[in-house]
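Okay, so here's the structure we're looking at.
The values are calculated or read from the model by the stated rules, or taken from the named source; none is laboratory data. Please read all numbers here as calculations on a predicted model, not as lab measurements. For neighbour counting, all protein chains shown are included, and Cβ atoms are generated from backbone atoms with ideal geometry for every residue, glycine included. Quick note on the areas: whole protein, heavy atoms, side chains included, nothing else; ligands and nucleic acids left out. Shrake-Rupley method; radii C 1.70, N 1.55, O 1.52, S 1.80 Å.
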Amino acid sequence: METRDLLLDGNAIGGLLNELFGSDLTAAPCVCGSCGAREEMARLDVYVHAPGVVVRCCNCGAVMIRIVRGPTRTWIDLSGTARLELG
């Protein structure tokens, strides 16, 4: 299976984001920390077949968000995201 075959869009993690942040973030604007592109979460590239969820910029491919869930806690890494606008 090719990497592109595993590619989903940000809508694929809408339920997870709602669970974690308490609101629908699929329309929330995100700014890539690498290239500065501003896109809605729904337009970002998502991979869910890793040991967690990896969200990449759809413009430059940089990793913007990592989410890993364990039995008792969840780790969220937003270090590749310059800004996530919650509204």
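Semi-axes of the equivalent ellipsoid for the stretch 22-65, please: Cα gyration tensor eigenvalues, times 5, square-rooted, ordered largest first, whole Å.
Gyration-tensor ellipsoid for the stretch 22-65: 16, 15, 8 Å.
Need one number: nm distance between label points at Asn18 and Val48, each 7 Å from Cα along Cα→Cβ, rounded to one decimal.
1.3 nm
For the chain, which cysteines have no disulfide-compatible partner, meaning no other cysteine Cβ under 4.7 Å?
So far as the 4.7 Å Cβ criterion goes, Cys30, Cys58 stand without a partner in the chain.
Could you compute how much accessible surface Ser34 exposes when probed at 1.4 Å, giving the result in Å² to the nearest 10?
90 Å²
Calculate, for Ala27 and Arg83, the FRET efficiency according to 1/(1 + (r/R0)^6) with r their C-beta to C-beta distance and R0 22 Å; round to the nearest 0.05.
0.90
I'm checking a number: the convex hull volume of the Cα atoms of the chain, normalised per residue, in Å³. What is it?
Roughly 87 Å³ of hull volume per residue.
When the convex hull of the Cα atoms of the stretch 39-87 is projected onto a plane and the area is averaged over all directions, what value comes out in nm²?
4.0 nm²
Multiply the residue separation of Trp75 and Leu8 by 0.36 nm, subtract the distance between their alpha-carbon atoms, and state the gained length in nm to one decimal.
Contour length minus the Cα-Cα distance gives 22.0 nm.
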